[in-house]
Amino acid sequence: MDRLAPTPRFVGEVINPPDEPGLYPEDQTWLGRIKRQSRLVPFAINPDEMDDLADMSPRESVESKTNELIEQSRAVGLPEPPREVLRGIQREAALQEASARGLTYAQRLEIAAKVLQDETGDDRFVDYKLRGSEASQERQAEKAYLHVRKVLLRHLHRWERRLDRKLDAQLEG
């Protein structure tokens, strides 16, 4: 039910669209913003912005997201994100890179499990045994990978939710 109700941030963006087109040029109109939010119809992406994002090295991407998170946090009165939150940005980039390379879930699980073991000592998923057919094993690996990913990124996701609540409160107030 929550997915059907618009968030305060979305309502604010429809009422007060951005001056600069950014990655989604149609966001400058209320109809374009609604179109993108619905995810039911195709929406335009600015090719120049996409090229800039594609040209970013993973390191630049991590630095850019880190700086953006710090700036947004300060803008809403939050302190600088803790080190564990910022480390989550690096983890997320590494996991996204594995996904972009077209690795199977079993391969992604292997990478994520090693990171989890190195950083937390939790080795439950390092030699995770997959059973059954190849398709069944891939489903098992996907489920395990998503769990490990959730554990690795929990601090980042909590901080992002906290930031979103602050941004929503600003839009409502």
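The values are calculated or read from the model by the stated rules, or taken from the named source; none is laboratory data. Being a predicted model, the structure only gives us computed values, none of them experimental. Here Cβ is always computed from backbone atoms with ideal geometry, including for glycine, and neighbour counts include all displayed protein chains.
Among the listed residues 146, 109, 167, identify the single one that is under 23 Å from the mean Cα position of the chain (by Cα), surrounded by 15 or more Cβ atoms within 10 Å (Cβ to Cβ), under 30 Å from residue 73 (Cα atoms) and not aromatic (Phe, Trp, Tyr).
Of 146, 109, 167, the one residue that is under 23 Å from the mean Cα position of the chain (by Cα), surrounded by 15 or more Cβ atoms within 10 Å (Cβ to Cβ), under 30 Å from residue 73 (Cα atoms) and not aromatic (Phe, Trp, Tyr) is 167.
Per-residue answers, yes or no, for (1) β-branched (Val, Ile, Thr); (2) modelled with pLDDT of 90 or more; (3) more than 19 Å from residue 93 (Cα to Cα):
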residue	(1), (2), (3)
134	no, no, yes
141	no, yes, yes
147	no, yes, no
150	no, yes, no
153	no, yes, no
159	no, yes, no
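Can you tell me which condition residue 76 does not meet? The list is (1) modelled with pLDDT of 90 or more; (2) hydrophobic (A, V, I, L, M, F, W, C); (3) buried (at least 17 other Cβ atoms within 10 Å of the Cβ), and all the others hold.
(3)
So, of the residues in region 31-67 that are more than 17 Å from residue 87 (Cβ to Cβ) and acidic (Asp, Glu), which turns out to be modelled with the lowest pLDDT? Talk me through it step by step, then tell me what you get.
Step one: list which residues in region 31-67 are more than 17 Å from residue 87 (Cβ to Cβ), which gives 31-57, 60.
Now narrow it down to the ones that are acidic (Asp, Glu): 48-49, 51-52, 55, 60.
Working: 48: 72, 49: 64, 51: 62, 52: 60, 55: 57, 60: 76.
Looking at residues that are more than 17 Å from residue 87 (Cβ to Cβ) and acidic (Asp, Glu), I get 55.
Assess whether residue 3 counts as being within 18 Å of residue 171 (Cα to Cα) and either in contact with a strand residue (DSSP E or B) (Cβ under 8 Å, 6 or more places away or on another chain) or at pLDDT below 75 (or both). First the steps, then the outcome.
On the way: within 18 Å of residue 171 (Cα to Cα): no; either in contact with a strand residue (DSSP E or B) (Cβ under 8 Å, 6 or more places away or on another chain) or at pLDDT below 75 (or both): yes.
Criteria not met by residue 3.
Restricting attention to region 111-127, which residues are charged (D, E, K, R) and either in a loop (DSSP other than H, G, I, E, B) or in contact (Cβ under 8 Å) with a residue 12 or more places away in the chain (or both)? Before you say what the answer is, go through the steps one by one.
Here is the first cut: in region 111-127, the residues charged (D, E, K, R) are 114, 118-119, 122-124, 127.
Once the filter is applied, which keeps residues that are charged (D, E, K, R) and either in a loop (DSSP other than H, G, I, E, B) or in contact (Cβ under 8 Å) with a residue 12 or more places away in the chain (or both), region 111-127 yields 114, 119, 122, 123, 124, 127.
Just checking, which of 102, 88 is within 20 Å of the chain's Cα centre (by Cα) and more than 30 Å from residue 8 (Cα to Cα)?
It is 102.
Six or more apart or on different chains, Cβ atoms under 9 Å: show the pairs whose first residue is in region 81-99 and farther than 12 Å from residue 155 by Cβ and without any contact (Cβ under 8 Å) to a residue 60 or more places away in the chain and whose second is charged (D, E, K, R) and part of a helix (DSSP H, G or I).
The qualifying pairs are 93/59; 93/65; 95/108; 95/149; 98/108; 99/108.
Tell me which residues, restricted to region 81-108, are of a type in the set (Lys, Arg) and within 14 Å of residue 59 (Cα to Cα). I'd like the intermediate steps shown before the answer.
Applying the first criterion (of a type in the set (Lys, Arg)) to region 81-108 yields 83, 87, 91, 101, 108.
87, 91 - these are the residues of region 81-108 that are of a type in the set (Lys, Arg) and within 14 Å of residue 59 (Cα to Cα).
Let's see how each residue does on (1) out of contact with any Gly (no Cβ under 8 Å at 6 or more places or on another chain); (2) more than 26 Å from residue 65 (Cβ to Cβ); (3) among the small types (Gly, Ala, Ser):
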site: 82; (1), (2), (3): yes, no, no
site: 92; (1), (2), (3): yes, no, no
site: 100; (1), (2), (3): yes, no, yes
site: 107; (1), (2), (3): yes, no, no
site: 140; (1), (2), (3): no, yes, no
site: 163; (1), (2), (3): yes, no, no
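If I filter region 131-143 for residues that are surrounded by fewer than 18 Cβ atoms within 10 Å (Cβ to Cβ), within 30 Å of residue 72 (Cβ to Cβ), without any contact (Cβ under 8 Å) to a residue 40 or more places away in the chain and within 23 Å of the chain's Cα centre (by Cα), do I get at least one hit?
No, region 131-143 contains no residue that is surrounded by fewer than 18 Cβ atoms within 10 Å (Cβ to Cβ), within 30 Å of residue 72 (Cβ to Cβ), without any contact (Cβ under 8 Å) to a residue 40 or more places away in the chain and within 23 Å of the chain's Cα centre (by Cα).
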